[in-house]
1. Looking only at residues in the stretch 65-76 that are over 13 Å from Asn131 (Cβ atoms) and either among the hydroxyl-bearing types (Ser, Thr, Tyr) or surrounded by 22 or more Cβ atoms within 10 Å (Cβ to Cβ) (or both), which one is farthest from the chain's Cα centre (by Cα)?
2. Out of all the residues in the stretch 140-171, which are surrounded by fewer than 19 Cβ atoms within 10 Å (Cβ to Cβ) and hydroxyl-bearing (Ser, Thr, Tyr)?
3. Find the residue count for the stretch 319-359, including only residues that are part of a strand (DSSP E or B) and over 16 Å from Trp267 (Cα atoms).
4. Looking at Gly15, Gly62, Gly48, which is the one that is modelled with pLDDT of 95 or more and at positive phi?
5. Answer yes or no: is there a residue in the stretch 211-221 that is within 16 Å of Val71 (Cα to Cα) and assigned to a loop (DSSP other than H, G, I, E, B).
6. Quick test for you: out of Ser173, Ser198, pick the one residue that is assigned to a loop (DSSP other than H, G, I, E, B) and within 12 Å of ligand 1 (Cβ to nearest atom).
7. Here's a check for you: in the stretch 54-71, which residue that is of a type in the set (D, E, K, R) and closer than 14 Å to Asp189 by Cβ is farthest from ligand 1 (Cβ to nearest atom)?
8. So Asp314 clears everything in (1) in contact with a helix residue (DSSP H, G or I) (Cβ under 8 Å, 6 or more places away or on another chain); (2) farther than 23 Å from Asp285 by Cβ except one condition, right? Which one?
Amino acid sequence: MHILEICYTIPSRWGDKMIKTPTRYLSMDPKLPNLSHLQQAAEILRKGGLVAFPTETVYGLGADALNPEAVEKIFIAKGRPNDNPLIVHVANPKDIKPLVRKIPDVATTLMELFWPGPLTLIFPKSDLVPNSVSAGLDTVGIRIPAHPVALALLKAARIPIAAPSANLSGRPSPTSATHVLKDLNGKIDAIIDGGKTSVGLESTVLDITGQVPTILRPGGVTYEQLEEVLGHVEMDPALIQPELNAALKPRAPGMKYTHYAPRAEIWIVVGTEEQVAKKLKSLVDENRAAGKRVGIMSTEEMLFFSREYNPNPDHWEILGSKDDLTGIATRLFQALRNCDRYHLDIVFTQTLPETGIGVAIMNRLHKAAGGKIIRAN
Ligand code: AMP
Ligand code: MG
């Protein structure tokens, strides 16, 4: 048995009392979930504590979704604005019944096809769901995660679990237990380490309460997959024109905040590969001359294109091949965290093809950049 008590590093503030929370570290092989560790984690959740756990998308920070005090702790530990609602995780489709007022026909089809999986569906919420979970909205986002540890935990706890990504608000989402501990060690009761997550980006959030199903956040299930099933699916206008985001009052309230950001400034460089390669050289030279530590984040193809111009950044983060967007998705948040690891001040990234999971990748990059774009064309 492998239990290691990791002592807190940062005291957290719950209510008006400063409290210290040793974070219990529970490690398990995802293919063989450890029953004793699962029982411990389930017990903590049932008693109103916080447990971080792996899902196929990113690590989640779980609390009993029906216990307002437990839910409140999530917002405090993460420093999450309280107008940003949480996704509720369940183990079985039948578990959603008490949580919603209505199950539209389209939901039944989507649940059969995509659950367990990275698709969050927005339903009209029942009174059982605390307002803190829905951030005052009359809807609730629900999904079944496709990860053996997450599913085993939900079954052991026998409660719906509200779980946003297990990072400090605004930081890149965690794709490993190390990322979670870096942000939340000492602020949560336990973490289950089940290795790296497989999708690497969060779930797609789909609103099915209106006439036309609308994507509020692109994610692990792609637009193309949904269109094939639904015939017609819309993108929330705030996703298409991010600069209108605040004015349009996005229906996924979380979308209005800067997200996924390392400490370094991120800039997206737009243009053909040739144009971007040339521009990167001058951007690196100018910023290094100004005394900044400069990074480039790019595909391996861009590394090849850049040989002619030979830029010399302090760190070059290779995301993978542009022909393997799924692989890039799994590495993106680690890459953003690496910007801090290498103490970069400014990072320039190219754009990626906006097809399939590429839409979600570019959405996260635009959020990380806070809309900062340089045109190389
Ligand atoms: P996170 O759990 O940190 O990945 O964030 C959850 C995302 O789902 C945020 O962008 C929320 O705004 C969105 N979300 C959760 N519940 C709802 C809801 N009821 N209506 C609209 N968006 C939601
Ligand atoms: Mg998040």
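The values are calculated or read from the model by the stated rules, or taken from the named source; none is laboratory data. Since we're looking at a predicted model, the values are computed, not measured. All Cβ positions, even for glycine, are placed from backbone atoms using ideal geometry, and neighbour counts span all protein chains on display.
1. Among residues in the stretch 65-76 that are over 13 Å from Asn131 (Cβ atoms) and either among the hydroxyl-bearing types (Ser, Thr, Tyr) or surrounded by 22 or more Cβ atoms within 10 Å (Cβ to Cβ) (or both), the one farthest from the chain's Cα centre (by Cα) is Ala70.
2. Of everything in the stretch 140-171, just one residue is surrounded by fewer than 19 Cβ atoms within 10 Å (Cβ to Cβ) and hydroxyl-bearing (Ser, Thr, Tyr), namely Ser169.
3. Total meeting the criteria: 1.
4. When all the criteria are applied, what remains is Gly48.
5. Keep residues of the stretch 211-221 that are within 16 Å of Val71 (Cα to Cα), which gives none.
Looking through the stretch 211-221, none of the residues is within 16 Å of Val71 (Cα to Cα) and assigned to a loop (DSSP other than H, G, I, E, B).
6. Just one listed residue meets the conditions, Ser173.
7. Within the stretch 54-71, the match that is farthest from ligand 1 (Cβ to nearest atom) is Glu69.
8. Exception for Asp314: condition (2).
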